[in-house]
Amino acid sequence: MRTPTSCPESSAPASLSATITISELDTDPFPVYERLRDGEPVSWVPAAHAYLVTRWEDVHRICRDTETFSAAVHDSPLSQAIGPNLLHSDGAYHDRLRAPLTEGLRPSVIQRTVERAVRDNVRSLLGELRAHTEVDLVSGFAQSLAVRTLQQVTGLPDMPVSVFTTWVDGIAAGAANYERDRDKQRQADEAGAAVDGMVRRQLQRGPEPGTLLAGLAASGATFDEIAATTKLLLIGGMQEPRDLFGHALIAYLNDQEVRREIDRDKTVIVRLVEEALRLGSPVGTVTRRVTTRTVVSGVTLDEGSLVLAVLASANRDPRHWDSPDEFHLWREHNQHVAFSAGVHSCVGATLARTQVRVALEELLAAYPALRLAEEPVVRGWEFRGPTSLMVHLGKAGSSGPARDARAAPASAPTIPLRVADVQKPVGDVAAIVLRHEQGDELPPWSPGAHIDLTFAGSDQRLRRSYSLCGDLADRHSWRIGVRRSPDSRGGSAFLVDGLEVGDVLEATPPRNAFRLITGAAPEYLLVAGGIGITPLLPMARSLTASGTPWRLLYIGRDQDSMPFLDEVEALAPAVDIWTTADQGRPNLSALLQSVPEGTEIYACGPAGMLHDLATAAADRPAVTLRVERFGAPAGPGVTVEDGCEFRVWLARTRKEIVVPKDKTLLHALEDAGIMVPSTCREGVCGSCETAVLAGAVEHRDHQLTDDEKKRGDIMLVCVSRSRGEKLTLNL
């Protein structure tokens with residue numbers, strides 16, 4: 001294997017990563033990841049013969065930037081175990097091998113041809129459990145379900161579960177063989193040879209039509225390509241749903257609040273699965289080769305450097321997630337990278353999600369008194385899950401088979417609030433103080449957090465998000481700042497002009513996708529534009545309290561239009577008030593060039609200001625920019641200017657939402673509390689495919705065929721929009 005030109009194994013000074021062992025990672029990698037995120041976010045780990053990259057933004061970048069970080073790593077443990085393969089390839093080779101799998105594993109195909117078979121398999125396996133009172137749900141249920149599903153979907157022959165398990169264990173040992181253990185490579189070689197023989201015999205017989213094996217054969221793939229792809233399907237098709245099931249069920253059985261929510265409404269299982277994916281991260285890393293010298297978190301990586309983007313660490317990075325080590329069913333915008341991201345996102349993500357969702361629906365209906373018999377042991381870092389899951393089944397349920405839980409999605413719990421005060425710091429801004437309607441304490445929050453308010457506007461019920469900007473220590477009141485938008489759709493106009501003391505609203509508990517991490521940088525720069533000051537005010541106070549160096553640039557048209565100006569000025573001398581009417585637009589590029597390396601920049605304001613900051617930050621890779629937008633960005637290839645606002649009627653939920661011009665439909669659904677599992681979020685993987693019942697779609701994806709786009713009965717909600725004023729979706 002080619003090592004980086006800087007030869008870090010021999011020349012680098014001692015570091016946090018120097019003593020990390022594969023055994024330590026295998027036992028519990030998360031304390032290791034925490035140390036690396038805080039101290040060495042890009043760190044050469046001799047035991048893995050690669051750089052471990054552990055922070056969310058860096059991992060996200062590596063997964064998506066295929067120009068700088070190539071997936072074509074032919075000397076990786078995975079490639080050594082199964083040969084040249086789909087996962088470690090780029091360009092036309094990757095696209096050609098992926099195409100038949102993407103077509104065979106699309107959500108609509110799975111729902112039409114696979115889900116019923118999965119449900120039948122689950123019910124059959126549950127029937128086999130009825131003779132037992134205590135059982136291991138890993139080996140005695142989840143593993144068997146994964147094998148049966150694999151056989152049906154891929155077109156492989158019906159063989160004992162133990163045979164498949166032996167093959168998967170052998171190949172997986174080689175795929176994670178970073179220590180280059182000869183015995184592990186031997187296991188992989190022996191298992192691979194057995195799989196090759198099985199695939200050859202199956203191809204000679206002629207694969208069953210409609211299976212993945214038939215699709216690969218029809219695509220013109222060579223035998224070696226089909227065999228390597230089959231091995232990849234065996235690893236992912238066994239390991240991902242098996243371990244995901246384990247993570248999800250452990251959360252259900254160990255967390256009484258989670259259990260109550262699921263028992264109350266089985267549609268919440270969709271959220272259980274997504275949060276289990278984030279917290280458990282069944283797949284630990286993705287491997288990439290640096291194609292051109294680049295800088296990641298201040299570390300220069302030479303061409304040829306091998307990097308492991310640690311998905312499991314990114315999914316627990318407190319710079320991106322609020323309370324990342326806790327399990328939260330109602331986590332907002334759960335855009336984890338458990339299935340990687342971008343064009344290399346896991347092709348089997350929808351199948352894994354479907355298996356686990358259906359398994360939990362049926363299992364929990366059949367055994368409502370299910371409980372753990374012993375505390376499970378969870379192991380692994382590349383492939384992580386419980387080694388066993390011993391449970392007492394309890395008395396079988398009497399309600400019969402589970403109802404399909406894909407009914408109207410459940411809504412997040414809300415908090416009743418009463419308006420305690422409304423003030424006008426400037427003419428078009430309202431500072432609103434809210435208290436619990438029953439006088440109870442309100443949930444705690446952290447700088448950068450927001451709440452989603454639901455209220456009755458002039459003629460409709462509205463839901464809007466606002467940053468909290470009051471006193472962190474005050475557990476009995478929240479404060480938000482609302483600016484009346486000139487093109488208001490009713491929300492901001494009502495709150496600024498129509499809200500009165502005593503009015504009752506509802507809100508979600510505070511959520512934080514703009515979390516301030518003190519101590520993560522030597523210095524902080526805060527940049528606010530207008531009402532964008534609201535999330536930055538508590539950040540400035542928190543940084544002051546911690547003794548951390550910081551500066552604030554507050555930009556507005558003139559001082560009369562700048563809300564909370566008196567509170568900002570009270571934070572002097574660390575603040576700079578900039579009025580564009582007197583001084584013109586600030587030179588943000590020069591500002592970013594002047595800050596020290598390692599500076600963390602937090603910014604909130606209008607799209608133009610954030611765009612200028614992002615452009616300037618691209619020239620300073622040694623600083624980190626984090627932004628909070630008034631509206632979510634539209635996604636790759638779709639600018640905020642090229643969309644139109646439209647309405648969406650959700651037929652099963654019986655709710656209408658508005659999709660602003662500067663948000664994707666997926667973001668708008670998430671804002672409304674509607675969970676649509678998604679993986680790539682770029683219109684590539686197809687995992688967010690949704691049925692369209694009425695309306696014309698403006699397709700912007702790279703997945704659907706021309707005929708499907710003309711038919712207009714499905715769309716990928718991550719990038720596509722409406723051609724007209726309204727769509728009706730089967731959600």
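Odds and ends about this structure:
- Contour minus Cα-Cα distance for Asp263 and Ala373 (0.36 nm per residue): 37.6 nm
- Relative frequency of Cα-Cα separations exceeding 21 Å in the stretch 77-214, percent: 55 percent
- For the stretch 276-410, size of Cβ-based charge dipole, Lys and Arg +1, Asp and Glu -1, in debye: 220 debye
- Hydrophobic long helices, here whole DSSP H runs in the chain with Kyte-Doolittle means of at least -0.5 and Cα atoms spread over 27 Å or more along the helix axis, are found at 223-254.
- Beyond 16 Å, the tail of the calculated P(r) for the stretch 36-87 holds 54 percent of the Cα pairs.
- The stretch 495-575: GluC sites (Glu not before Pro) in DSSP coil with no more than 14 other Cβ atoms inside 10 Å: Glu500
- By accessible area with a 1.4 Å probe, ligands and nucleic acids excluded, highest first: order of Ser678, Ser124, Ser162: Ser162, Ser124, Ser678
- Summarised as an ellipsoid, the stretch 215-269 has semi-axes of 39, 12, 4 Å, derived from the eigenvalues of the Cα gyration tensor scaled by 5 and square-rooted, with the largest first.
- P(r) of the stretch 576-731 over all Cα-Cα pairs, binned every 5 Å from zero, in whole percent: 2, 9, 16, 17, 15, 11, 9, 9, 7, 5, 1, 0
- Exceeding the 30 Å Cα-Cα cut-off - candidates Lys424/Lys655; Lys231/Lys266; Lys231/Lys395; Lys424/Lys661; Lys395/Lys655; Lys231/Lys663: Lys424/Lys655; Lys231/Lys266; Lys231/Lys395; Lys395/Lys655; Lys231/Lys663
- Dmax and Rg, reported as Rg then Dmax, of the chain (C-alpha, Å): 26.3, 81
- Cα-based shape type of the stretch 518-632, given that a ≥ b ≥ c are square roots of the gyration tensor eigenvalues and the cut on a/c is 1.5: oblate
- Loop-located trypsin sites (Lys or Arg not before Pro) in the stretch 167-222 whose Cβ has at most 16 other Cβ within 10 Å (DSSP): Arg180
- Whole-number percent relative contact order across the chain, with pairs defined as alpha carbons under 8 Å at least 6 apart: 12 percent
- Taking only Cα atoms of the stretch 32-130, radius of gyration then Dmax in Å: 19.6, 54
- Here the spin labels are modelled as points 7 Å beyond Cα on the Cα-Cβ line, and at Arg585 and Ser323 they lie 4.1 nm apart.
- Net charge of neighbours whose Cβ lies under 11 Å from the Cβ of Leu592, counting Lys and Arg as +1 and Asp and Glu as -1: -1
- As a ratio to 2.2 N^0.38 Å, the alpha-carbon radius of gyration computed for the stretch 266-313 takes the value 1.68.
- Near Phe164, once Lys and Arg are set to +1 and Asp and Glu to -1 for all other residues with Cβ below 11 Å from its Cβ, the sum equals -1.
- Rolling a 1.4 Å probe over the heavy atoms of the protein chains gives the stretch 493-584 an accessible area of 39 Å² per residue.
- For the stretch 517-559, the convex hull spanned by the alpha carbon atoms encloses 67 Å³ per residue.
- Counted charge near Leu453, where neighbours are those whose Cβ lies closer than 9 Å (Asp, Glu -1; Lys, Arg +1): 0
- Charged-residue dipole, Cβ positions (Lys, Arg, Asp, Glu), the chain about Cα centre, Debye nearest 20: 1660 debye
- If the convex hull is drawn through the Cα atoms of the stretch 171-223, its volume per residue in Å³: 87 Å³
- Loop chymotrypsin sites (Phe, Trp or Tyr not before Pro), the stretch 217-264 (other Cβ atoms within 10 Å of the site Cβ: 16 or fewer; DSSP): none
- Per residue, the accessible area of the stretch 264-408 comes to 30 Å² when a 1.4 Å probe rolls over the protein heavy atoms.
- Computed on the stretch 426-567, the Cα convex hull volume stands at 117 Å³ per residue.
- Pair Ser546, Asp28: separation of 7 Å Cα→Cβ label points (nm): 2.5 nm
- Once the C-beta distance of Ser124 and Asp576 is scaled by a Förster radius of 56 Å, the resulting FRET efficiency is 0.25 to the nearest 0.05.
- Largest to smallest in accessible area, the residues Glu374, Glu57 fall in the order Glu374, Glu57 (1.4 Å probe, all protein chains included).
- From the alpha carbon centroid of the stretch 663-731 to that of the stretch 222-295 is 23 Å.
- Whole-Å semi-axes of the stretch 222-321's equivalent ellipsoid (Cα gyration tensor): 34, 23, 8
- Chain lengthening between Asp560 and Arg205 when straightened (0.36 nm per residue, less Cα-Cα): 119.8 nm
- Among Gln80, Leu536, Ser589 the positive-end extreme of the charge dipole of the chain (Cβ point charges): Gln80
- For the chain, with all protein chains in place and a probe radius of 1.4 Å, 49% of the accessible heavy-atom surface sits on carbon or sulfur.
- Tail weight of P(r) past 20 Å, computed on alpha-carbon pairs of the stretch 283-341, percent: 39 percent
The values are calculated or read from the model by the stated rules, or taken from the named source; none is laboratory data. Only a predicted model underlies this, so the values are computations on that prediction, with no experimental measurement involved. Counting neighbours? That spans all protein chains shown, and the Cβs are built from the backbone with ideal geometry, glycine included. Please note that ligands, DNA and RNA were not included when accessible areas were found on the heavy atoms of the full protein model with its side chains. Shrake-Rupley method; radii C 1.70, N 1.55, O 1.52, S 1.80 Å.
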